[in-house]
Amino acid sequence: SISRLSLADATKATLYVSDSGTNEVTMFAWPKPKTGSALSGPFSEPQGMCSDNSGDVFITNTGDSNVLEYNGSKLVNTLLDPGEYPVGCSFDTVDGSLAVVNIRSTGGGASSVAIYKNAKGTPKLLNVKVLQSVYGVQYDGSGDLFADGSGTGSQIELAEMPAGSNKFKLVCPNGFHGGGVVAFPGGLGWDGKYLVIGDQDGGAVYRVKGCKIVGITKLDGSVDVVSFAIAGDRLVAPDPGAADVELYAYPKGGEPIQVLSGFSEPIGATVSQNVKGK
């Protein structure tokens, strides 16, 4: 859920990883993460995260039904998402909106997407009626918002809300073509050119253009990558099934080039350029 970074730009960046199992968020130097430092905060099942144009990071705090905004290691704002379980987010680099996916309501109601104008205030809650459940959201470079999840069929389905609209429509009702099958929907990403769809069961992410799969990045050795972050030629894959975070060459994939251990249930990751400093 970040703008694509070059490694040259990323030398002053920070990798954030959420651990829902221990209610912690850890910060690492980027692009060479080693020993991490714990981020102080009121965390309750932190899951997906994303970052904005200025380097602030948004963390979906599922257990407390809110979204925490950090600048470096400082908590600067709390966005309320009452009655919902937020699990992921994406920042619109075009108009500054923040989209948050709610896996379901606290009362067991349907999935929804909360839109925070200018990443502030009270959100507008949107039902994604064309999907039975929603797992990930992602803005592209033009302000179009995508959501993936399960529909009436057995495979992943994708919905799109074009920029300026407030309604999702189903994309590719007949599925994707071009090789490869997404078995179970995971997170979404944007690599600067393509929408990228994660497959929790298949150990891969898929680059798509329209309804065509144009590239597959295999995540060898992964068990259950719920969400991921793309930063330049690196892909960060929190893997709760393996209790670690795997780093892969992107889009090459294959075996991980580095594995960060010491986690319980890592779910989310983002790479932020600390423009304002810690």
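Candidates are the residues of the stretch 52-71 that are assigned to a strand (DSSP E or B) and open to solvent by 10 Å² or more (accessible area, probe 1.4 Å); the one that is farthest from residue 98 (Cα to Cα) is 71. Taking the stretch 213-271 as the region of interest, the strands (runs of 3 or more DSSP E) fully inside it that hold 1 or more residues being under 18 Å from the mean Cα position of the chain (by Cα), over 23 Å from residue 181 (Cβ atoms) and in contact (Cβ under 8 Å) with a residue 60 or more places away in the chain are 229-231, 234-239, 244-249. Among the residues of the stretch 78-136, which ones are aromatic (Phe, Trp, Tyr) and farther than 16 Å from residue 185 by Cα? Listed by number, the residues that qualify are 85, 91, 116. Taken over the stretch 198-257, the criterion of being hydrophobic (A, V, I, L, M, F, W, C) and more than 25 Å from residue 171 (Cα to Cα) is satisfied by 219, 223, 231, 235, 236, 237, 242, 243, 245, 247, 249, 257. In the stretch 159-166, the condition of being small (Gly, Ala, Ser), under 19 Å from the mean Cα position of the chain (by Cα) and assigned to a loop (DSSP other than H, G, I, E, B) is met by no residue. Within the stretch 174-193, the set of residues being within 19 Å of residue 128 (Cα to Cα) and exposed (fewer than 13 other Cβ atoms within 10 Å of the Cβ) comprises just one member, 174. If you take the residues of the stretch 199-223 that are modelled with pLDDT of 95 or more and among the charged types (D, E, K, R), which of them is least open to solvent (accessible area, probe 1.4 Å)? The residue in question is 207.
The criterion of being in a loop (DSSP other than H, G, I, E, B), crowded, with 22+ Cβ neighbours inside 10 Å and hydrophobic (A, V, I, L, M, F, W, C) does not hold for residue 196. For the stretch 27-51, a residue qualifies if it is touching a residue at least 40 places away in the same chain (Cβ under 8 Å), open to solvent by 20 Å² or more (accessible area, probe 1.4 Å), assigned to a strand (DSSP E or B) and within 12 Å of residue 271 (Cα to Cα), but none of them does. The criterion of at least 2 residues that are open to solvent by 70 Å² or more (accessible area, probe 1.4 Å) and modelled with pLDDT of 95 or more is met by the following strands (runs of 3 or more DSSP E) wholly inside the stretch 84-152: 124-127.
The values are calculated or read from the model by the stated rules, or taken from the named source; none is laboratory data. No experiment lies behind these values; they were computed from the predicted model shown. Positions of Cβ are generated from backbone atoms using ideal geometry, with glycine treated the same way; all protein chains shown enter the neighbour counts. We work out accessible area using only protein heavy atoms, side chains counted, and drop any ligands, DNA or RNA first. Shrake-Rupley method; radii C 1.70, N 1.55, O 1.52, S 1.80 Å.
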